[in-house]
Each structure stands twice: as structure tokens, then as C-alpha cells.
1. Tell me which residues, restricted to the stretch 88-108, are surrounded by fewer than 19 Cβ atoms within 10 Å (Cβ to Cβ) and either touching a helix residue (DSSP H, G or I) at 6+ places or on another chain (Cβ under 9 Å) or of a type in the set (V, I, T) (or both).
2. Looking at L23, L73, L61, L46, which is the one that is surrounded by 13 or more Cβ atoms within 10 Å (Cβ to Cβ), modelled with pLDDT of 95 or more, on the phi > 0 side of the Ramachandran plot and of a type in the set (A, V, I, L, M)?
3. What's the total number of residues in the stretch 156-183 that are assigned to a strand (DSSP E or B) and over 18 Å from G227 (Cα atoms)?
4. Return the pairs, sorted by first residue and then second, in which the second residue is in a helix (DSSP H, G or I), the first residue lies in the stretch 34-47 and is within 20 Å of L246 (Cα to Cα), the beta carbons are less than 6 Å apart, and the residues are 6+ apart or on different chains.
5. Within the stretch 230-248, track down each residue that is aliphatic (A, V, I, L, M), part of a loop (DSSP other than H, G, I, E, B) and touching a Ser or Thr at 6+ places or on another chain (Cβ under 6 Å).
6. Return the total of residues in the stretch 113-155 being more than 18 Å from P222 (Cβ to Cβ), assigned to a strand (DSSP E or B) and either β-branched (V, I, T) or in contact with a strand residue (DSSP E or B) (Cβ under 6 Å, 6 or more places away or on another chain) (or both).
7. When the stretch 172-183 is examined, which residues are found to be buried (at least 17 other Cβ atoms within 10 Å of the Cβ) and free of Cβ contacts under 8 Å to residues at least 40 places away in the same chain?
8. Going through the stretch 184-206 one residue at a time, which ones are part of a loop (DSSP other than H, G, I, E, B) and either surrounded by 22 or more Cβ atoms within 10 Å (Cβ to Cβ) or at pLDDT 95 or above (or both)?
Amino acid sequence: MNLHLIQKILLAAKGGIDPDAVLFLTASGITGGVITNAVNYLVIELKKQSLWTKFKAIYPLVGGTAFTHKWNLKDARDLDIAYRVLWQGSILHNSSGSTPLASGGRGNTYFQVWENGMQNDISMSLYVPNKLMLPNTSGLLSMGSTVGAISSYSMYFNRTNYNLAADFGSNFQFANFSYNNIPQNGLITGSRISANSLKVFHNGVLKVQNTNNNTGTINTIPIHIHGNLATPINQTASFASISTGLTESEISIFYSIVQQFQTILGRQV
């Protein structure tokens, strides 16, 4: 870490800005007061609630550009091993977040479940502000990675017949909640805390669970924002995260923090 950055962190700390927020803001080049306050709030509250260390990657998706949207709040280095995002294909980046405009639009996080030994200890979250039903296209994910029935660590939001679903494991270990194909918005969270416990939450509330035993091969494809196969065209992502498995109470607290973060930014739903 260079001396200039150390000085910035020390000065920011005096002003109440968390050092991890400073690293993210410095890497992304964001200087706006509203975004600074929102990111700082996010870091401070996650630490206050003892959730910060559980996360491997947090993507605030702020700043409105592909460059500012690529940074991982947990490790703001421009490296694959820091899980910064590589955006691919046609994606609209604006103040709302990232929105794929055509097939192939996605963000590679470089995070692999098998590499981190998290087959039965993983949570993913995605904040979607727009209500849009997606076609029931094979391989269409909102976030995750899949190679079909062999192994999938994926979430589906507003896909026809898979309104609110997570598939964390092998042989289609689905937990799927139906809204009768009525599109929803907000925060979807999938969480597996053991081999026989997969739960799906909407806005911090448990909707469905699967208690089948998860065994088999873990795929080696990195988790992608907007999925690694078929693209959820026009579905916007305003926040994404990857962590170890979170409990029901932790997810309730986490949703409240994320919702306040979005409220500070003026993009809450």
C-alpha cells in the first residue's frame, strides 16, 4: 500500500469513513458524497452486525460505469483473485446498476465455489429493481454458474415458472417459490448452510426450502452476475454478493442493511 493511500485512509478515518470503504472508493475513483455515504454505511453496518467477515465478494454497483461497477468492496484490487468483475457483451451501465441488453451480456466474478470449498456453505444475493418476467429459457440465470443437471450454483428471479428459485448443488437441487408468474423486485437471497438445507428468501423473508441431500460434483465455472449461459435481457442488477451460508436471522438483518443502502442512493424498491 503506498504512502498516499495510507494518508487518505487516516484522513478519512478522522471523518468517520471506514478504511475498507476508502479502499473501494479510491479504486473506483468515486468521489460523490451520496455514494460515499451509502458505501460507508454498508461497510459499517455489516461490521457492526458481525456479517462483514462472512462475505467473499460484495458488488455495490455504484458510479454508473463499467469501470466503477467492477469493484469488489471486500477486496478492491484489480485482480482475478480479488473477484473483481470482468464485464462481457452488451451491458448498459448507469446509476441503477448493470443491465444486459443482448445475449452474452454478463459479469464474470472469477469466484469459483469448488475452489473455496463452499459446496454446502454458500449464500448469494441479488437486488433487482425492475419487475420483468423472463422467458423460461434453459440456462437462463439471474446470477450464478451452471452446467445443467451435473452441477449448478444459480439463482433465478422472475424467470417464467421459476419466479424465485435457487439451485445450489448437483442433480437440480432446486428450491423454487411461485408468484404465479407475477414479476417481483427487490432482494433475492439463496443460502445453503448444510448438505440438506437450501433456503430462498425474498426481501429478507423465507419463502421456500429444500432439505434433499446435496452430493456430487461441483462445477468449476465462476459465478456470473446475469448468469453464465442464457442472458436475462433487460433485468437490472443493483447489488450482488457472495458469502458463506447465512442463517435466517442474518439474512433478515442483511436485507435491512441493503435496503437502507439503496435508500441512501435513492434507488430502493
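1. Matches in the stretch 88-108: H93, S95.
2. On the way: L23 fails: on the phi > 0 side of the Ramachandran plot; L73 fails: on the phi > 0 side of the Ramachandran plot; L46 fails: on the phi > 0 side of the Ramachandran plot.
After applying the criteria, what remains is L61.
3. Our first condition is that a residue be assigned to a strand (DSSP E or B); within the stretch 156-183, this holds for 156-159, 162-169, 174-177.
Narrowing further to those that are over 18 Å from G227 (Cα atoms): 177.
The number of residues fulfilling the criteria is 1.
4. L42/F261; V43/D20; V43/A21; E45/I257; L46/W52
5. The first filter runs over the stretch 230-248 and keeps only residues aliphatic (A, V, I, L, M), leaving 230, 233, 237, 240, 242, 246.
Right, trim to part of a loop (DSSP other than H, G, I, E, B) and you get 233, 246.
Correct list: L246 only.
6. In the first step, residues of the stretch 113-155 are kept if they are more than 18 Å from P222 (Cβ to Cβ); the result is 120, 127-138, 149.
Narrowing the set further to residues that are assigned to a strand (DSSP E or B) leaves 127-128, 134, 149.
When the remaining residues are screened for being either β-branched (V, I, T) or in contact with a strand residue (DSSP E or B) (Cβ under 6 Å, 6 or more places away or on another chain) (or both), the result is 127-128, 134.
Qualifying residue count, the stretch 113-155: 3.
7. As a first pass, look at the stretch 172-183 and keep what is buried (at least 17 other Cβ atoms within 10 Å of the Cβ): 173-177.
Those that are buried (at least 17 other Cβ atoms within 10 Å of the Cβ) and free of Cβ contacts under 8 Å to residues at least 40 places away in the same chain: F174, A175, N176, F177.
8. Residues of the stretch 184-206 part of a loop (DSSP other than H, G, I, E, B): 184-185, 195-196, 203-204.
Of everything in the stretch 184-206, those that are part of a loop (DSSP other than H, G, I, E, B) and either surrounded by 22 or more Cβ atoms within 10 Å (Cβ to Cβ) or at pLDDT 95 or above (or both) turn out to be Q184, N185, N203, G204.
The values are calculated or read from the model by the stated rules, or taken from the named source; none is laboratory data. Remember, it's a predicted structure, so these values are computed and weren't measured experimentally. So basically every Cβ, Gly included, is an ideal-geometry build from the backbone, and we count neighbours across all protein chains shown.
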